[in-house]
1. Which of the residues spanning the stretch A:209-228 are at pLDDT 95 or above and charged (D, E, K, R)?
2. Answer yes if at least one residue in the stretch A:339-351 is without any contact (Cβ under 8 Å) to a residue 60 or more places away in the chain, surrounded by 16 or more Cβ atoms within 10 Å (Cβ to Cβ), within 30 Å of A:ASP485 (Cα to Cα) and not basic (Lys, Arg), and no otherwise.
3. Hey, any hits in the stretch A:249-267 for a residue that's modelled with pLDDT of 90 or more, within 23 Å of A:ASP93 (Cβ to Cβ) and in contact with a Leu (Cβ under 9 Å, 6 or more places away or on another chain)?
4. Of (1) more than 29 Å from A:THR424 (Cα to Cα); (2) over 25 Å from the mean Cα position of the chain (by Cα); (3) surrounded by fewer than 13 Cβ atoms within 10 Å (Cβ to Cβ), B:TYR11 satisfies all except one. Which?
5. Hey, among A:LEU217, A:LEU146, A:LEU204, which residue is part of a loop (DSSP other than H, G, I, E, B) and either out of contact with any Gly (no Cβ under 7 Å at 6 or more places or on another chain) or aromatic (Phe, Trp, Tyr) (or both)?
6. Tally the residues that are crowded, with 17+ Cβ neighbours inside 10 Å, more than 8 Å from chain A (Cβ to nearest Cβ) and at positive phi, restricting the search to the stretch B:60-93.
7. Any residue at all in the stretch B:10-21 that is within 24 Å of B:PRO93 (Cβ to Cβ) and aromatic (Phe, Trp, Tyr)?
8. Out of (1) part of a helix (DSSP H, G or I); (2) open to solvent by less than 20 Å² (accessible area, probe 1.4 Å); (3) more than 9 Å from chain A (Cβ to nearest Cβ), what's the single condition that is false for B:THR181?
Amino acid sequence: VKRTRGILAAVSAGVLMTSLAACGDDSGGGSADEGSGNDSGSGGGEAWTLGTTESITAMDPAGSYDFGSWNMQYSIFQQLMSVPAGESEPVGDAAESCDYDDPTTVTCTLRDGLTFSNGNELTSSDVKFSLERNINIADPNGSGVLLAQLAGEDGKARADAIETPDDTTVTFNLNSPDTTFVKLLSTATTSIVDEETFPGDELLGDDEVVGSGPFKLSQYKEGEQVVLEANESYDGDKSAQAPQVFVQFFKDTGPLKEAISSGQVDVAWRTLSPTDLNDLEGSDDVEVIEGEGSEFRYWVFQLGNEEVQDVAVRQAVAQIIDRETIAEDAYDGTVTPAYSIVPPGFGGQKDSFQEKYGEPDVGKAKQILDEAGVETPVELTLGYTPTHYGPNLVDEATELSNQLSESGLFETSIEQAEWEQYQTLYKKNAYDLFALGWYPDILDADNYLTPFLRDGGFYSNNYSSDEVNELLDQELAETETSARDELISQLQDIVAEDVPLVPSWFGKNVAVATPQMNGVGETLDPTYIFRLWEISKSS
Amino acid sequence: MAVAGGSLPRYVGQRLLLLVPMIWLVLTLVFLLLRVAPGDPVSAAVGGRLAEDELERRREALGLDRPLVVQYLEYLGQVARFDLGNALSDNRPVLEIIQDNGGATLTLTMGAFLFALVFGIPLGLLAGRRRDSASDVFIRVFGIVTYAAPVFVTGLLFVLLVSGTGWPTYDIASPMTKFNTETRTHILLLDVLLSGSSEAIWDVVQHHLLPCFVLGLFLSGVFIRLVRVNLLQTLKGDYVEAARARGIAEKHVIRRHAFRNALVPVITVVGLQVALTLSGAVLTESTFNWPGLGTELIDYLNARDYAAVQGLVTFFAIIVVVVSVLVDIVNALVDPRVRY
């Protein structure tokens with residue numbers, strides 16, 4: 001197939017191609033080994049190269065809130081807690097442990113003898129400094145907003161929010177009960193920086209960052225490449241398996257696919273399209289590896305619009321939607337149908353939509369509408385954006401629209417808008433039902449509940465329920481696991497009943513790697529943390 | 001452009017003065033177009049995950065809530081002080097972006113020009129010399145196709161063709177990893193030359209060939225047609241006829257008389273092609289993951305980063321305008337009729 005494509009390309013491009021093609025030979029470089037360096041690793045492995053379409057906003061933890069930056073920070077910095085591959089509960093990283101004294105107080109005990117890669121000691125004072133500067137800098141591209149539990153009404157860090165009675169003890173005094181806070185301590189937003197290196201009131205330059213993680217930043221060329229070197233002074237459970245890791249940034253999926261196909265990078269992670277992945281699955285040179293994901297795609301009802309204010313209309317849509325077909329036809333089976341707003345594997349998760357609605361059934365949908373006295377067909381405007389969630393969303397929107405129209409109960413129209421305009425339009429009630437996507441900040445069911453359900457959610461869909469708000473407060477304050485899981489289950493049942501949104505699918509965490517790579521599959525879990533330190537390359 | 005008076009210094013002065021309103025116009029257009037387009041840097045980055053009040057707070061922090069006039073005047077003031085500001089999405093100074101990434105665009109465009117001249121001029125010459133022959137027809141078709149085919153299509157076709165050969169098909173980053181090349185000039189080709197590592201030099205040259213060739217192919221179409229047409233015209237000139245009448249061999253007539261004169265308009269067009277080359281470079285860089293200013297511009301456009309886009313477009317505009325003025329001046333020097 002590859003050969004045929006080459007011949008076709010040759011014919012299409014014209015005879016002059018041959019002169020250039022003749023210049024290329026195997027000795028010309030660009031092979032996987034050359035592109036990846038060839039040093040022997042301290043852990044017995046070789047240097048290797050990761051290719052990604054993610055980008056880096058800032059290396060400084062106070063200046064970023066995106067996948068690309070956070071994944072670099074997980075390698076360069078330590079956090080108090082860390083989520084091991086394949087698990088959902090965090091364990092100690094810089095901290096031996098972090099425990100709740102009560103629902104508003106968390107105390108962490110640091111490991112002894114921690115140092116930054118520049119030799120400076122890492123103490124509780126650095127932890128306090130790191131979190132406070134993140135809140136106080138409040139960078140427009142930053143994630144300090146996630147630390148709101150430590151901020152006062154003025155948005156600045158409260159003076160009494162973080163206490164450091166000694167060099168290895170940190171106590172957090174939260175604004176309100178929050179059982180997710182310890183999980184937050186495992187995210188890159190709480191990365192520990194050296195207070196002797198980082199300024200307290202502004203970001204540090206990208207190539208100057210110093211951390212205590214398994215790698216240290218060796219070189220960084222914005223938008224092109226990061227070179228990470230194993231941090232010899234790192235003393236923890238996340239020792240680097242390779243002496244160097246090169247991270248190569250791609251602007252588009254096409255060159256990334258090409259690079260992994262030709263072995264110019266050893267691993268491609270985020271983001272190849274379903275079509276690319278299907279193509280690569282047929283290749284003998286690379287392996288497509290899938291892990292569990294937590295990406296969430298859903299359709300939100302705009303309750304400000306009369307058409308969908310009647311809950312029966314929303315329930316009828318939930319009764320008709322055929323998620324299996326959407327996953328298969330729009331995404332080539334690369335996603336998993338979602339029957340709850342909380343992904344499988346999270347505490348308290350239950351497939352409430354499956355339980356309430358069962359299989360897609362137009363007859364039941366008609367019954368729901370008839371009993372509510374709703375005149376059919378109901379006119380619905382579906383909205384989506386082709387420029388933010390990948391090219392397959394148009395297929396999903398078309399498929400959903402067809403399913404609703406073919407039921408005879410709905411008369412649908414589809415409208416699309418470029419991402420920037422789309423955000424304005426869906427908040428201005430331009431669509432009755434619109435598509436959005438979500439990645440969690442922390443691996444906790446609440447991260448799929450509070451942002452979506454409290455007072456209309458972040459997307460302002462005008463859904464509001466006192467019962468839901470109360471349950472959200474309760475589950476955040478509940479420290480007993482089974483009781484909290486029960487509350488989370490109740491919330492999912494309410495969502496299936498009220499249908500402020502319809503879950504569509506959960507994504508998988510997918511990477512493509514050459515056969516020499518080890519440890520890639522293990523790190524592909526719902527955290528979307530790509531644990532560079534656990535990956536090695538065999539000779 | 002006819003200018004009364006005819007003095008070269010005066011003509012040059014007028015052209016230089018025109019620089020100011022031209023650049024101001026470009027700056028104003030860029031500023032307005034960016035604001036007219038929906039969205040802003042905040043909604044582009046985190047619009048899908050934060051509530052409206054937090055988005056508003058971030059907009060305020062960036063000063064985007066201030067009146068447009070204030071932002072516009074501040075922007076003009078910055079440019080007047082040769083300060084293009086900092087990117088909003090990643091805090092990089094725009095001048096640093098130009099310094100870091102301008103070298104890649106420079107080598108790409110220079111390489112492309114080289115390819116275009118090496119391919120375009122001889123082929124145009126050949127076509128003109130053998131008018132209406134099979135080779136003329138082939139070269140004309142080739143010239144039209146290379147000019148008409150979008151750079152990104154040609155680029156992808158070449159990537160597809162070359163990918164199986166092991167020849168590098170994207171970016172120029174490997175010298176940084178393999179050879180640990182020290183950044184001295186921000187022009188990688190110069191940096192590896194200064195490093196003296198033959199391996200690194202060969203690697204960088206290899207990485208340059210494909211993108212430069214593709215963009216050069218695009219430009220060569222213009223040169224082919226231009227050289228051919230001009231050669232045909234000059235071959236009809238009286239002085240060429242006179243040369244032939246004197247018994248000078250045809251190859252000497254073409255080389256010494258027709259070809260040199262046919263190249264005069266080409267020199268002018270080379271200057272004017274700068275704008276075309278820069279726009280082609282944006283697409284070429286995107287196709288080959290080339291770390292130049294075009295790639296940065298697209299990224300910042302997607303991020304609705306007003307400051308970065310304004311700064312980069314301003315830089316592009318200044319280059320194009322300055323080159324246009326230089327071309328005018330060279331024209332005036334070469335052909336005095338222009339300034340009268």
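The values are calculated or read from the model by the stated rules, or taken from the named source; none is laboratory data. Just so it is clear, the model here is predicted, and its values are computed rather than measured. As a convention, Cβ positions derive from the backbone with ideal geometry for all residues, glycine included, and neighbour counts pool all protein chains shown. For the accessible areas, the whole protein counts, side chains as well, though only heavy atoms, and no ligand, DNA or RNA atoms are used. Shrake-Rupley method; radii C 1.70, N 1.55, O 1.52, S 1.80 Å.
1. Hit for the stretch A:209-228 is A:LYS216, nothing else.
2. Checking the stretch A:339-351: at least one residue is without any contact (Cβ under 8 Å) to a residue 60 or more places away in the chain, surrounded by 16 or more Cβ atoms within 10 Å (Cβ to Cβ), within 30 Å of A:ASP485 (Cα to Cα) and not basic (Lys, Arg).
3. Checking the stretch A:249-267: not a single residue is modelled with pLDDT of 90 or more, within 23 Å of A:ASP93 (Cβ to Cβ) and in contact with a Leu (Cβ under 9 Å, 6 or more places away or on another chain).
4. Of (1) more than 29 Å from A:THR424 (Cα to Cα); (2) over 25 Å from the mean Cα position of the chain (by Cα); (3) surrounded by fewer than 13 Cβ atoms within 10 Å (Cβ to Cβ), only one is false for B:TYR11: (3).
5. Numbers: A:LEU217 fails: part of a loop (DSSP other than H, G, I, E, B); A:LEU146 fails: part of a loop (DSSP other than H, G, I, E, B).
Going through A:LEU217, A:LEU146, A:LEU204 in turn, just one is part of a loop (DSSP other than H, G, I, E, B) and either out of contact with any Gly (no Cβ under 7 Å at 6 or more places or on another chain) or aromatic (Phe, Trp, Tyr) (or both): A:LEU204.
6. Selection size over the stretch B:60-93: 1.
7. So far as the stretch B:10-21 goes, no, none of its residues is within 24 Å of B:PRO93 (Cβ to Cβ) and aromatic (Phe, Trp, Tyr).
8. (1)
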